[in-house]
Amino acid sequence: MSEDVFFQNPGPTNIPFRVMEAMRRPVIDFRGTAFREIVAECIDGVGKVLRTQDPVIIYPATGHGAWEAALVNLFSPGDEILSLSIGYFGNGWAQYAKQFGLKATILQGHPQTGVDYEAFAEALKADGGRAIKGILVTHCETSTGAMTDIKRVREVMDSVGHPALLLVDIISSLGCADFRMDDWGVDIAAGASQKGLMLATGLSFTGISAKALEQSKQAKLPRAYWNWSAMLVDGRQQNFPGTAPVHLFYGLQESLRMIAEEGLDAILQRHRSYAAAVRAAVATWSTAGQVQLYVAPEVASPAVTAVILTQGSGAERLRATALADYKVQLGGGLGDLVDRSFRIAHMGKLHASQLLGVLAGVEMTMAQEGIAFGSGALEAARSTLAAPTEPLRLAS
Ligand SMILES: Cc1ncc(COP(=O)(O)O)c(C=O)c1O
């Protein structure tokens, strides 16, 4: 991909020059002191982004690895799992659980309005024997840009007094959306490197609560590569399941330093502002009736926005034109949204002028493809960017 493309796929995202430069260094001994110091800095930095004091493990793997690590370390064959899925990735994690012999039930939420918290409370109440051992939740469902309110999920569990572990996929919300592992009583936070952390694909993470660590001692699923007890020494990661990916750690160290310099709160605010600007633009386009925002504003993600074509197809062609003629790489639809929707990622490394350029490129593409759109979208986006950022919706 050439440098001058506006790359708005919801992962992997743009890698800052500073991070790429950090990775252009000679290799060092992955068992030596210098590397251990880098790992320690990275573990502390990821913990800060997760807002946790609990142990963090970093794996050479994609997000799927973090999913699998959580399942095999915590559960035994036949354990019951409840998944609050609202789409493609939520379903995917539940399918993973089934492949390991867990009894995973999906409490399907609405793709456009999110989790049904009342139905969740009822499902927990109905589990009088406390058979459910884990709740799987996707913080940001990347396929649609719908968020789940993790604090509320925890409140529902506490109101019923249900002891299941709370496992949260933060793969596309990490570093983009407000997330508080400790304050919200999250047992497992599973993230990955290639989205809000602005890094290459290849690292994934889990934050692990004390309760989860305790449960992992009883769990009976087989595990080797993912075995936490082989990686943790006195609650801190000291070992890797094989050779540590030194260069990815160089990059992670740099991206975490960039995050610390900008400040996590400022970064989250920037993401909310950019998301609001994209939604303002799409809302303006939608007045002509041919494109629409896919999810309800109350659950809209600060990381990615899905746009649906009301004609029911043509999104892949639109994406191809956007890239070939206007150098804008958009994300495609997933699952049953393939060819019906395209996605504009606004996560990670991005600045306001780039975002406005992307929206202009989408407009030029729609004009070329004969898709009608309301005028004034760029002005709507620009004035939204200039306005004070809206307050946090989902957080306390
Ligand atoms: C919410 C979510 N979960 C899981 C995954 C899978 O992660 P990976 O592709 O890193 O394995 C993705 C990837 O886009 C995602 O967005």
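Could you say which residue among 112, 95 is within 13 Å of the ligand (Cβ to nearest atom), of a type outside the set (Val, Ile, Thr) and out of contact with any Cys (no Cβ under 7 Å at 6 or more places or on another chain)? One residue alone meets the criteria, 95. Return the residues of the stretch 341-380 that are farther than 18 Å from residue 323 by Cβ, in contact with a helix residue (DSSP H, G or I) (Cβ under 6 Å, 6 or more places away or on another chain) and not in a helix (DSSP H, G or I); say none if nothing qualifies. Answer for the stretch 341-380, where residues must be farther than 18 Å from residue 323 by Cβ, in contact with a helix residue (DSSP H, G or I) (Cβ under 6 Å, 6 or more places away or on another chain) and not in a helix (DSSP H, G or I): 372, 373, 374, 376. Listed here are the strands (runs of 3 or more DSSP E) enclosed by the stretch 127-210 that have at least 3 residues being more than 29 Å from residue 331 (Cα to Cα): 132-138. Out of the residues in the stretch 58-67 that are more than 17 Å from residue 139 (Cα to Cα) and crowded, with 22+ Cβ neighbours inside 10 Å, state the one that is nearest to the ligand (Cβ to nearest atom). Ranking the candidates gives 61 first. Please determine, by comparing only the residues of the stretch 156-173 that are within 16 Å of the ligand (Cβ to nearest atom) and in contact (Cβ under 8 Å) with a residue 60 or more places away in the chain, which one is surrounded by the fewest Cβ atoms within 10 Å (Cβ to Cβ). This residue is 167. Only a single item in (1) surrounded by 19 or more Cβ atoms within 10 Å (Cβ to Cβ); (2) free of Cβ contacts under 8 Å to residues at least 40 places away in the same chain is not met by residue 339, and it is number (1).
Here's the yes/no breakdown for (1) acidic (Asp, Glu); (2) over 21 Å from residue 182 (Cα atoms); (3) loosely packed, with under 15 Cβ neighbours inside 10 Å; (4) modelled with pLDDT under 95:
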site: 116; (1), (2), (3), (4): yes, yes, no, no
site: 129; (1), (2), (3), (4): no, yes, yes, no
site: 135; (1), (2), (3), (4): no, no, no, no
site: 149; (1), (2), (3), (4): yes, no, no, no
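Candidates in the stretch 231-249 are the residues that are outside any loop (DSSP other than H, G, I, E, B) and of a type outside the set (S, T, N, Q); of these, the one that is surrounded by the most Cβ atoms within 10 Å (Cβ to Cβ) is 249.
Each row is one residue, and each column tells you yes or no for (1) under 29 Å from residue 351 (Cβ atoms); (2) assigned to a loop (DSSP other than H, G, I, E, B); (3) touching a helix residue (DSSP H, G or I) at 6+ places or on another chain (Cβ under 7 Å).
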residue	(1), (2), (3)
4	yes, yes, no
45	yes, no, yes
58	yes, no, yes
65	no, no, no
94	no, no, no
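Every test in (1) within 16 Å of the ligand (Cβ to nearest atom); (2) more than 20 Å from the chain's Cα centre (by Cα); (3) charged (D, E, K, R) is passed by residue 79 save one, and that test is (1).
Every condition in (1) in contact (Cβ under 8 Å) with a residue 60 or more places away in the chain; (2) within 13 Å of the ligand (Cβ to nearest atom); (3) closer than 18 Å to residue 186 by Cβ is met by residue 85 except one, and the failing one is (1).
The values are calculated or read from the model by the stated rules, or taken from the named source; none is laboratory data. Bear in mind the structure is a predicted one, so any value in this text is a computation, not a measurement. Here the Cβ is made from the backbone with ideal geometry for all residues, glycine too, and neighbour counts use every protein chain on show.
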